[in-house]
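The values are calculated or read from the model by the stated rules, or taken from the named source; none is laboratory data. The model shown is predicted, which means the values in this text are computed figures rather than measured ones. When we count neighbours, we look across all protein chains shown, and the Cβ atoms used for this are built from the backbone with ideal geometry, even at glycine. What goes into the accessible areas is simple: the full protein's heavy atoms, side chains included, and nothing from ligands, DNA or RNA. Shrake-Rupley method; radii C 1.70, N 1.55, O 1.52, S 1.80 Å.
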Amino acid sequence: VSPFGVVVIVCFFCSACPMQTFGECLLEFECGGFVKDVAWSPSGNLLAFAAQDSTISVAAVTKGQVPPATLKLSSLPLARVVFTSEANVVGAGYECEPFLFQVGAGSVKLLKSLDGQTSGGESLSLSL
């Protein structure tokens, strides 16, 4: 992870990808600010990342260099993201309010606040 607004996935030696070279850049995703946190889904097929510009993005890494789905929040940036299942991410940040997101290849949707401070009925989702 680069703090300069770019998420870079680099190859390490493993039996799953014998044709790749160690240290080779496999994928690179631009984001609108410093990268605050990244998290892999349980299957390893999705990568979620939060940026300083109050966005949360989800990239389907098995689909190659496809732009990630991105959701711009109206709150302060998220500081941490974690997958709770293959389809759900919890993110929390500088407003001290955890949010539950539904994610998938090509979409990120805010479901609800886990503190009950805001409703998940807001139209904050963006699908690519």
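General observations
- Whole-percent carbon and sulfur share, accessible surface of region 32-113, 1.4 Å: 58
- Here's the list of lysines a cross-link from Lys112 could span, going by alpha-carbon distance under 26 Å and ignoring same-chain residues fewer than 8 apart: Lys36, Lys72.
- Spin-label model, Ser74 to Trp40: label points 7 Å out along the Cα-to-beta-carbon direction sit 3.6 nm apart.
- Accessible area per residue for region 17-116 is 48 Å², calculated with a 1.4 Å probe on protein heavy atoms, without ligands, DNA or RNA.
- The slack in the chain from Asp115 to Cys96, taken as 0.36 nm per residue of separation less the alpha-carbon distance, amounts to 5.9 nm.
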